[in-house]
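The values are calculated or read from the model by the stated rules, or taken from the named source; none is laboratory data. None of these values were measured; they are calculated from a predicted model. Every residue, glycine as well, gets a Cβ built from its backbone with ideal geometry; the counts of neighbours run over all protein chains shown.
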Amino acid sequence: MCDACGEATLVAFADLGDIPVLCGVHWADAGAAAASPVGRMTLGYCPNCAYVRNLAFDPAVMVYDTTMDTNLHHSAAFQAFSAELVKHLAGRFQLGGKRVLDIGCGQGEFLRELCHISGSTGIGYDAMYAGPEGADPSGAEFHSGYAPRGSALPEFDVFTSRHWFEHITDPYEFLKDLREQAGDREVYGYIEVPDAVYDMSTAGWEVIYPHVSYFDAYSLVRIVERAGWRIEDTGTLFGGMFRFIEVSANAGDRPRLGDQPIPGPAERERQLAAVKGFQERNASEQKRWRDRIAELVEQGANPVLWGAGSRGVQFLTFADADQRLAAVVDVNPRKWGRYLPVTAHRVDSPSSLTALKPSAVIITNPSYQKEIALALRELGVEAELLIA
Ligand SMILES: [Zn+2]
């Protein structure tokens, strides 16, 4: 049964085969990286609300721990976006003196900044959190592990959850539990996920094993309302790649905080159209990039990939499993000299490009185009930037 609307059975529409499970992990040893687990990606959609989910997802293989590195904060564009969001939420929910729960806090950058700017206190949970546990001077405290469910969850005034909701196997139960814990208190929430229409309308580099669910405007509204929350605002962010929803409980009859219309059933159509063409688009993009890389190699262009995050890993899985690219580079120093899952590409520092002199640099995330172009100029590399 559909987790979002609870009214229909999902229908399979795309099979991407076996893909890397641990796309946020890197290994010291190429052999261990090559032998890392794969899992099946079989996408299904709900004909009623357009919610999309990996029907073949196996929670037993997808284990989160502190060796994972899905941190986006190394990018200047993401940092700037996150800083703006902190300011917005501090005002929006009048956070001064309030208690914020951040579920899926990553390495804590966002919650720390939120507490610092707004004068709130915070508790962050993440199984990937690798920093010191307990209270920190910003007013935030951190726990390495999943957030508890039920009455074990600390009392809160606001919850935030950025890029975690799509990883959960039971998103409806998660929201319902938070609503139950809110009781009759006035509570607010902010959820941010990848936008499914973006992911399903493009090549599919963001269709990665850790993402169990893919929410578009309407299915996100459905699941939130079904779990008993009121919608305050919703929309897209970060060049359309992300989607957010602001929710409340017990806000009385005060007007909504946002002024955008709440997406209705008509919004489904974009997602249903994207779903319809997805399998074919994904297959043709895989082939197009394999051919393009072969052509660039033949021309002596030394093509490289810039960006070894989860999108990069998925691109390499689909388009360069035979390692024809001259290099893979990333700005995150924790990845340098280490190997990516399954395809076992080694990740180098961007500074290695000065000697390699590639004339083609492939990126998979258009949001980072400006900062990568600038970095290439600073490195003295004259290369064509290709957006996959
Ligand atoms: Zn549904």
Exercise. Working carefully through the options 195, 184, find the one that is more than 16 Å from the ligand (Cβ to nearest atom) and more than 22 Å from residue 367 (Cα to Cα).
Key: 184
Quiz item: If you go through segment 157-171 one residue at a time, do you hit one that is assigned to a loop (DSSP other than H, G, I, E, B) and free of Cβ contacts under 8 Å to residues at least 24 places away in the same chain?
Solution: no
Practice problem: Please report, ordered by residue number, the helices (runs of 4 or more DSSP H) entirely within segment 1-120 with at least 2 residues that are away from the ligand (no atom under 16 Å from the Cβ) and surrounded by fewer than 16 Cβ atoms within 10 Å (Cβ to Cβ). | Solution: 30-34, 76-92
Exercise. Please state which of the following conditions residue 129 fails to meet, knowing it meets all the rest: (1) touching an Asp or Glu at 6+ places or on another chain (Cβ under 8 Å); (2) in contact (Cβ under 8 Å) with a residue 24 or more places away in the chain.
Key: (1)
Quiz item: Within the set of pairs 6 or more residues apart or between chains, which connect a residue that is more than 11 Å from the ligand (Cβ to nearest atom) inside segment 201-223 to a residue that is among the hydroxyl-bearing types (Ser, Thr, Tyr) and part of a helix (DSSP H, G or I) with Cβ atoms less than 8 Å apart?
Solution: 206/198; 206/310; 208/310; 210/310
Practice problem: Looking for whichever is modelled with pLDDT of 95 or more, surrounded by fewer than 20 Cβ atoms within 10 Å (Cβ to Cβ), in the same structural domain as residue 168 (by TED's automatic domain parsing) and not aliphatic (A, V, I, L, M) here; the options are 239, 228. Which one fits? | Solution: 228
Quiz item: Of the residues that make up segment 221-238, is at least one within 24 Å of residue 21 (Cβ to Cβ) and hydrophobic (A, V, I, L, M, F, W, C)?
Solution: no
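Tell me which strands (runs of 3 or more DSSP E) are completely within segment 306-388 and hold 1 or more residues being surrounded by 23 or more Cβ atoms within 10 Å (Cβ to Cβ), of a type in the set (A, V, I, L, M) and not assigned by TED's automatic domain parsing to the domain that holds residue 198, or say none if there are none.
It comes to 327-329, 360-363.
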Practice problem: Could you tell me whether segment 364-383 includes any residue that is hydroxyl-bearing (Ser, Thr, Tyr) and in contact with a Leu (Cβ under 6 Å, 6 or more places away or on another chain)? | Solution: no
